[in-house]
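Working notes, beginning with the structure itself.
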Amino acid sequence: MTTMKQSPTASDAGSSATASFRAGSAAAFGEAQTSTERVNTVVRAVLDAVHAVIRDHQVTYPEFQAAKRWLMDLGEGGEWPLFLDVFVEHVVEEVAARSQQGTPGTILGPYYLPDQKRLPAVAALPARPDEPGSTWVLSGQVRDVDGNPVAGAELDVWQNSADGFYSGFAPHLPDGNLRGVIVTGDDGRFEITTILPVPYQVPTDGPTGELIAAAGWHPWRPAHLHLLVRASEHRTITTQLYFSGGRYVDDDVAHATKAELILDPEKLPDGTYRSEYDFVLERD
Ligand code: DHB
Ligand code: FE
C-alpha cells in the first residue's frame, strides 16, 4: 500500500503565516506607535487613492460586492501576510532602502521563523537524509562598510525545498528543514552547504491565488535564498539571493529582485554548484 503525502494547501500556508506574524515577526521587525496626525495623513491618502480608482474606472456595485467578499475570504483564510508581502512589501522596502548603505535588502516575505538551529561558520543546513535537489555551496565573507571582517555575524537563512514548500508552513516537511543560523568565524567568513532553491508559487487554492487567476497574472517568484544578516552594533540586512538565467528572475510576482542580488553559480564536474557572495553591514 502506498501512503499519500498530505498535500500542502493555501490555508496551511496562510494561517501559519498569520500565526507566525502575530507570534513575533511584527515585534521583531518593529511595529510603529503611530500618531493621530500620521494616521490621518496616510490613511486619508490610501482612501483617496481607492476613491480615485472607483471614479476613474467606474467601479460598479457588483464589483464592490465581489471585492468585499474577496477581502473577507482573504482574512478568514489567514492570507493577509501572503498577499501584502507579495504585492505591497517591495515598495515599503524600496522606501527604506533610500536611507541605507551596504548590501541591498529586499522583502522579508511571510515565511521567516525565528530561533532556528545555530551552526558554525562552515555548515550544512538541516535537511532530510534524502533531501531532493542539487547540492549548492554558498561561501563568502561578512564585512563592515570600511572593509573590516565581522566576526560572530549571524546569517539566518531559509529557503524552499525542491517541491517548492517552506518548512513550518507545509505539513509534510520536518520543522527546521533548510533553515539555520550560520555564525561567521574570526575572519568573517562562512560556507553554507544546502540545495538550490526552486521557483516558488503563491498558493493557488486560496483567495490570493483566486485573485491572480481572475486578473490573468502568474503566481511565480524566482528561486531564492532568504537571509537576515546581523551582527551587534550593525543594522540587520533582510535580503534574498537569486540565480541568473533562472525562471521569473525578470518577472517576479513580488517585484523583489535586484540586479546586485543575482548570483551566477558555477557548476563543478561532480554536479554540485558553488557561489561566492560577500555581505556588507553598516553600523547602527
Ligand atoms: C511570499 C512567499 C515567499 O517565499 C516570498 O519570498 C515572498 C512572498 C508570499 O507567498 O507572499
Ligand atoms: Fe520566499
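Laboratory data are not the source of any read-out in this text; all were calculated from the coordinates shown. These figures come from a predicted structure and were not determined experimentally. Backbone-built Cβ (ideal geometry, glycine too); neighbour counts: all protein chains shown.
Within segment 116-152, report the trypsin sites (Lys or Arg not before Pro) that DSSP leaves as loop and that have at most 16 other Cβ atoms within 10 Å. Intermediate results must be reported in sequence, preceding the final value.
Details: sites: K117, R118, R143; in loops: K117.
Counting only loop positions with at most 16 other Cβ atoms within 10 Å, the trypsin sites (Lys or Arg not before Pro) in segment 116-152 are K117.
Within segment 188-284, which trypsin sites (Lys or Arg not before Pro) sit in a loop by DSSP and count at most 14 neighbouring Cβ atoms inside 10 Å?
Values: sites: R189, R230, R235, R247, K258, K267, R274, R283; in loops: R235, R247, K258.
Here the trypsin sites (Lys or Arg not before Pro) that fit, given the DSSP loop and packing criteria, are R247.
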How big is the antiparallel share of DSSP beta bridges in segment 10-281, given as a percent to the nearest 5? 65
The percentage of Cα-Cα pairs in segment 47-132 separated by more than 18 Å is 70
Nearest 10 degrees is fine. How inclined is helix 61-76 to the longest principal axis of the chain, computing both from alpha carbons? 40
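For segment 152-261, what does the equivalent ellipsoid look like in terms of its semi-axes, each the square root of 5 times an eigenvalue of the Cα gyration tensor, given largest first in whole Å?
On the way: eigenvalues 161, 56, 31 Å².
Its equivalent ellipsoid spans semi-axes of 28, 17, 13 Å.
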Compute the whole-percent fraction of alpha carbon pairs in the chain spaced more than 25 Å apart. 51
GNM flexibility winner over the chain from E79, E233, E31 (Cα, springs under 10 Å): E31
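Name the shape class, rounded, prolate or oblate, that the alpha-carbon gyration tensor gives for segment 1-158, where a ≥ b ≥ c are the square roots of its eigenvalues, rounded holds for a/c under 1.5, and otherwise prolate holds if a/b is larger than b/c and oblate otherwise.
Working: a/c = 2.57, a/b = 1.36, b/c = 1.89.
Since a/c reaches 1.5 but b/c is at least a/b, the shape of segment 1-158 is classed as oblate.
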Given 37 °C, 0.692 mPa s and a Kirkwood radius over Cα pairs, the Stokes-Einstein diffusion coefficient of segment 100-198 in µm²/s is 228
